[in-house]
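**Student:** Supplied in structure tokens, the structure appears directly below.
Read-outs: derived from the displayed coordinates by stated rules, not from any lab. Worth saying up front: this structure is predicted, and the values here are computed from it rather than measured. Cβ coordinates were reconstructed from backbone atoms using ideal geometry, including for glycine residues, and neighbour counts include every protein chain displayed.
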Amino acid sequence: MRNVLLAATAAMCVTASSAASRKTASLSGPGWLCDGEEVCVPHTWNALDGADGSPEGDPPPKHGMSVAPDSYVRKAARYSRRLPDPTPGMRQFVRFEGVSRKAEVYVNGRLAGRHVGAFTAFAFEVTALLAPADNVLEVVADNRWDPDVAPLSADYTLFGGIYRGVEWIETPQVCIDPVTDGALGVDLDVNTNGTVRAKIRVLGGPDEERVFVVENPELWSPENPKLYEREISIASGDSVKVRFGFRTAEFREDGFYLNGVRRRLRGVNRHQDAGLCGWAATAEDEDRDFAMVAEMGADAVRLAHYPQSQHVYDICDEKGILVWSETPAINWLSRSPEFKANLLQQAREMVAQHRNHPCVFAWSLFNEIYNDVPEDRSEEGWMEDILEEVKGELKRRDPSRPVVAASDRPAKRRLNDIPDELAFNAYPGWYGDTTMEQDFANWFAASGRKKLGIAEYGAGGNPFEHLDPLPPGRLDPGGPVHPEEKQVMLHAADYRAIASDDRIWGAFVWAMFDFAADARREGGKNGINDKGMVTRDRATRKDTFEFYRANWTGDRVLHVCSQRMEETSSAAATVVGFSNVGDVTLFVNGVEIGTKSPDSVKVVEWRDVPLKPGENLIELRAAGLASSRSLRRL
Ligand code: ADA
């Protein structure tokens, strides 16, 4: 154990950000032990069991309860590593980007601090606990269910571990506060006239303020994500770099406006499960994810259902992706004062840590409260009381941004009246028998609002399960077959309704990527929510990905669906395609069948296209592009 710790310290690179001041070093990477085993941080112990489903023989999982059951390892684990030797005369801090979901931090066996909440960063000063050399950091990370910690229930795996990066910080005695709320210590108020007010929290001295002006600032937007940087320093020599952008983002009577221009958001939802590593994602994993978001043409992302890493917000600033940033209030709440205090703390930390990002257009208060609420907790009113308080906290910490929320209960008027702007989650044709148009009618009537967002819509889709023709009506969403064709059909129908209704200020596809939800056993896979546009391993873009690319990008797209369907016992096939390059001609085995114009959402469709026995080549051609699939008729 000792050898591992020493080797890691030797390899660590300590960098000074400016001459006499703050020094930072990454404590991520190798050199950590977790319960005695060598690991690399970011790390989770649930990379495998967090996405393999409940054990065989369990009763069928209840939808929405992945946080609670023990179908993956829920434990307290002890991490340790060696710390760099402290520089005499400086103050030392250790900063954690995220530990799931409770952390106790010790230096040389003495408690440095505790943090509760999986999704926000925290830092502790360790100066007084350090010896001149050979210091050992220990962290107890605990992802067990706790009635006083949000979330209490949710449809995603709560991976355990030190699953984001760790940093060592040394500062002069008087320094910019790296501890309070896990934030940078500098709050920016940015005005589009070029004035920036920086409020600096100082440890060891009075708080300070700087005002500076950027001449003729360029506005930040998805089309021009212009960012500015400044070094903020104080007299002691300590300094931090801040990055910011100039933009206005607001809701008016008829919709969302960015820089005074109305904009209907083309959004996707993203969980922080970044593929086979679960939550223990690297910056490269996150870069890859957002490259795909941009490739599909989205201009907004809902970070479901909790704050994600600092790097995610940085990427969104850089790529010009508007962010809906959410507290972990989901499904149901607890009446305990400890729970409320924890939710308020997590909300406060989210705002403190991410308020300087121009990409954040709204703070989100909740997702689907009252979903799966046990009888003894369904008493009217007290959850609303808690949420009113959390909204107050969000507004107090950042009056500049609207508070939104995602509801699935049209009838709960008091709940839905709390956020400034309301959005609904809807799965017409998947969980329910309505259409999107019927849902719209219901929501507008029930809420009394003139405009609404759609925080989630979608359907399961396994790109390796196919069905042609699709049976009429609904499939069993918890059943073993989630044919890709159904996902395409429902997204096209939903988006047709969304695109043609001007009262919808934005809609967020559920979800960008398949993600771990260990309580699920459906769609031919265990432990996965398969409503993504891309598979969890990021290897397969589903047909729905191409649907949005055709609708949302300037790329020339012609795509024939069901290319992974290899054989059929039918004598005829359904041919669905997407074209944003105009009329499409269908050829089967080289014979021209006909030409069609794409509909309002770029879809062309032929039904009952005859097939010959054996191999068939189905080809779409349009404007010099071609897209084909082969299908063996058995
Ligand atoms: C809810 C919930 C999401 C997601 C979705 C689904 O709407 O808000 O977390 O899990 O259901 O896929 O069923």
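**Student:** Using the alpha carbons of segment 250-555, what is the convex hull volume per residue in cubic angstrom, as a whole number?
**Tutor:** 135
**Student:** Volume per residue, Å³, of the convex hull around the alpha-carbon atoms of segment 191-309?
**Tutor:** 170
**Student:** Choose one of Gly624, Asn589, Trp606: the residue whose Cα lies farthest towards the positive end of the charge dipole of segment 567-633 (beta-carbon charges +1 Lys, Arg; -1 Asp, Glu; about the Cα centre).
**Tutor:** Of the candidates, Asn589 comes out farthest on the positive side.
**Student:** Add +1 for every Lys or Arg and -1 for every Asp or Glu among the other residues with Cβ under 14 Å from the Cβ of Lys391, and state the total.
**Tutor:** -3
**Student:** Summing Lys, Arg as +1 and Asp, Glu as -1, what charge do residues with Cβ under 9 Å from the Cβ of Glu167 carry, Glu167 excluded?
**Tutor:** 0
**Student:** For Arg210 and Ala294, what is the calculated FRET efficiency with R₀ set at 41 Å and r taken between the beta-carbons, to the nearest 0.05? The partial results should precede the final answer.
**Tutor:** Details: r = 34 Å, r/R0 = 0.82.
Once the sixth-power term is evaluated, E becomes 0.75.
**Student:** Separate question: Which order do the peptides 413-419, 587-593 come out in when sorted by mean C-beta neighbours inside 10 angstrom, highest first?
**Tutor:** 413-419, 587-593
**Student:** Between Asn580, Ala459, Gly237, whose Cα lies farthest towards the positive end of the dipole of the chain when Lys and Arg beta carbons carry +1 and Asp and Glu beta carbons carry -1, centred on the Cα centre?
**Tutor:** It is Gly237, whose Cα lies furthest towards the positive end.
**Student:** Pairs of alpha-carbon atoms within less than 8 angstrom and 6+ residues apart define the contacts here; what relative contact order does the chain have, in percent?
**Tutor:** This gives 12 percent for the chain.
**Student:** Just add up the charged neighbours of Arg348: K/R +1, D/E -1, any other residue whose Cβ is under 13 Å from the Cβ of Arg348.
**Tutor:** So the environment of Arg348 carries a net charge of 0.
**Student:** May I ask you to compute the full-extension gain from Thr195 to Asp501, defined as 0.36 nm times their residue separation minus their alpha-carbon distance, rounded to one decimal in nm?
**Tutor:** Working: separation 306, 0.36 × 306 = 110.16 nm, distance 3.80 nm.
Roughly 106.4 nm would be gained on extension.
**Student:** For a quick protection proxy, order the peptides 400-408, 32-40, 469-477, 97-105 by their average other-Cβ count within 10 Å, most packed first.
**Tutor:** 97-105, 400-408, 32-40, 469-477
**Student:** While we're here: Quote the FRET efficiency, to the nearest 0.05, computed for Thr282 versus Asp608 with a Förster distance R0 of 35 Å and r equal to the Cβ-Cβ distance.
**Tutor:** FRET efficiency, Thr282 to Asp608: 0.10.
**Student:** How much space per residue, in cubic angstrom, does the convex hull of the C-alpha atoms of the chain take up?
**Tutor:** Convex hull volume per residue, Cα atoms: 167 Å³.
**Student:** Using DSSP to define loop residues, name the chymotrypsin sites (Phe, Trp or Tyr not before Pro) in segment 331-412 whose beta-carbon has at most 16 other beta-carbon atoms within 10 Å.
**Tutor:** Working: sites: Trp332, Phe339, Phe361, Trp363, Phe366, Tyr370, Trp382; in loops: Trp332, Tyr370.
The qualifying sites: there are none.
**Student:** Is there a quick way to get the dipole size of the chain? I mean about its Cα centre, with the Cβ of Lys and Arg at +1 and of Asp and Glu at -1; what is the value in debye to the nearest 20?
**Tutor:** 780
**Student:** Based on the Cα atoms of segment 241-302, what semi-axes does the equivalent ellipsoid have, where each is the square root of 5 times one gyration tensor eigenvalue, given in whole Å with the largest first?
**Tutor:** Whole-Å semi-axes of the equivalent ellipsoid: 28, 15, 10.
**Student:** Would you mind calculating the relative contact order of segment 567-633 from Cα pairs under 8 angstrom and at least 6 residues apart, reporting the percent as a whole number?
**Tutor:** Value for segment 567-633: 39 percent.
**Student:** What does the charge dipole of segment 459-507 about its Cα centre add up to, to the nearest 20 debye, if the Cβ of each Lys and Arg holds +1 and the Cβ of each Asp and Glu holds -1?
**Tutor:** Roughly 140 debye, rounded to the nearest 20.
**Student:** Follow-up question, since we're still on this one. Limiting things to C-alpha atoms, what are the Rg and the maximum Cα-Cα separation (Dmax) for segment 567-633, in angstroms?
**Tutor:** In Å, with Rg to one decimal and Dmax whole: 11.7, 35.
**Student:** When the Kirkwood radius is taken over all Cα pairs of segment 23-170, what Stokes-Einstein diffusion coefficient follows at 20 °C and 1.002 mPa s, in µm²/s? Provide the component values of the computation, followed by the final result.
**Tutor:** Details: Rh = 16.1 Å.
Translational diffusion coefficient: 133 µm²/s.
**Student:** Mind putting a number on the dipole of segment 541-617 about its Cα centre? Charges go on the C-beta only, +1 for Lys and Arg and -1 for Asp and Glu, and I need it in Debye to the nearest 20. Working shown, then result.
**Tutor:** Values: 9 positive and 11 negative charges, 43 e Å.
Its charge dipole is roughly 200 debye.
**Student:** Please name whichever of Ala150, Ala103, Phe124 sits farthest to the positive end of the charge dipole of segment 23-170, dipole taken about the Cα centre and charges placed at Cβ: Lys and Arg +1, Asp and Glu -1.
**Tutor:** Comparing the listed Cα positions along the dipole, Phe124 ranks first.
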